[in-house]
Amino acid sequence: MASQDWFEKDFYAILGVPQDADDAAIKKAYRKLARTHHPDKNPGDAAAEQRFKDVGEANSVLSDPEKRREYDAVRQMARGGARFTAGGPGGASGGFDDVFSSMFGGGGGGTRVRHSTGGGGGEPSLEDILGGMFGGGGGPAYGGAGFRAPQGPRKGADLTARTSLSFRDAVEGSTVTLGTTGGGQITTRIPAGVKDGQKIRLRGKGQPGEAGAPAGDLILTVAVEKHPVFGREGDNLTIDLPVTFAEAALGATIAVPTLDGSSVKVRVAPGTPSGRVLRIKGRGVPVKDRPGDLMAKVSIVVPQRLSDEALAAVETLQGLDEGHDPRAELFENARR
């Protein structure tokens, strides 16, 4: 809905963009100014808080194609009485020319109609005209050109925000508190299993609507920090599991850490090669339908230093294994 404030406020100047700026330029300018003047960065600074509100209002209008068209029309009408030329034969139709000439009885081509904000004489004021055009109440509805104004107050604009979570909080779920326009706060629950870059829509947490209309939504983008031990593939967690040569060769039962801080026992079968993945059921991301698994990838650790006894044992093993070439099959397949 058009506002009387639109005659007085230059939203393009507030954001520092030209009138023909595209959506990307408007978004970039808004984000930069919002960060600069955010109340969290300027505590107690009333001027910065007002500037932050002005920037938010300008963005809510210019980022909405329909609102921006209305705003541009209102600003055009406010410049010097706003002349509109009624279209004649062979000319374009359906624009403001046709609307205004039909409202006030304009005829054929070339007729210029000047509308002013002054009242008197029973003629409609510009405020009445705008009320009829842009859905305002209290004024007459003008429909001589078949123009039907949108009815009812407009829903508030959607807002965007970002937050960062630790790997553990993203997997298990977390409650976060976000700063809002005007210095307020929103506390919301992030569900378990949220992924890096995922967008969450918080209903009714955007800009307030007009005249009691519903508020817009807040679109929250989540960034997930890396974990030094665990990784993620879908709903499965991953971990590199170090094992000794003896454990891999002879087999062993070893402990594997889990994300909740506990551990589980797994069996490493005799002759397990490096790179084999052991699946631990139900120890992945705790999604509702079916929890993911923990995938432990075996990594055989080669000792950096050997005692004399260990060195002798390895040399004995080497002698027993003499004549076996573990790369013979590799070379054979390479010749195919």
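Among residues other than GLY193 with Cβ under 9 Å from its Cβ, the summed charge is 0 (Lys and Arg +1, Asp and Glu -1). Electrostatic tally near GLU49: other residues with Cβ closer than 15 Å to its Cβ, Lys and Arg +1, Asp and Glu -1, net 0. Compared with the direct C-alpha span, the chain from THR253 to ASN333 gains 25.3 nm at full extension, assuming 0.36 nm per residue. Name the lysines eligible as straight-distance cross-link partners of LYS288: C-alpha to C-alpha under 22 Å, and not fewer than 8 places from it in the same chain. Straight-line reach from LYS288, under 22 Å: LYS195, LYS199.
Protection proxy ranking of 236-246, 15-25, by the mean of other Cβ atoms within 10 Å over each peptide's residues and highest first, is 236-246, 15-25. Tell me which lysines have Cα within less than 26 Å of LYS9's Cα, excluding those fewer than 8 residues away on the same chain? Output for LYS9: LYS27, LYS28, LYS32, LYS41, LYS53, LYS67, LYS155, LYS205. Within the shell of other residues whose beta carbon sits under 13 angstrom from the beta carbon of SER174, the net charge comes to -1, with Lys and Arg scored +1 and Asp and Glu -1.
We did not get these values from a lab; they are worked out from the coordinates using the rules stated. Small disclaimer: the values here were computed from a predicted structure and weren't measured. Every residue, glycine as well, gets a Cβ built from its backbone with ideal geometry; the counts of neighbours run over all protein chains shown.
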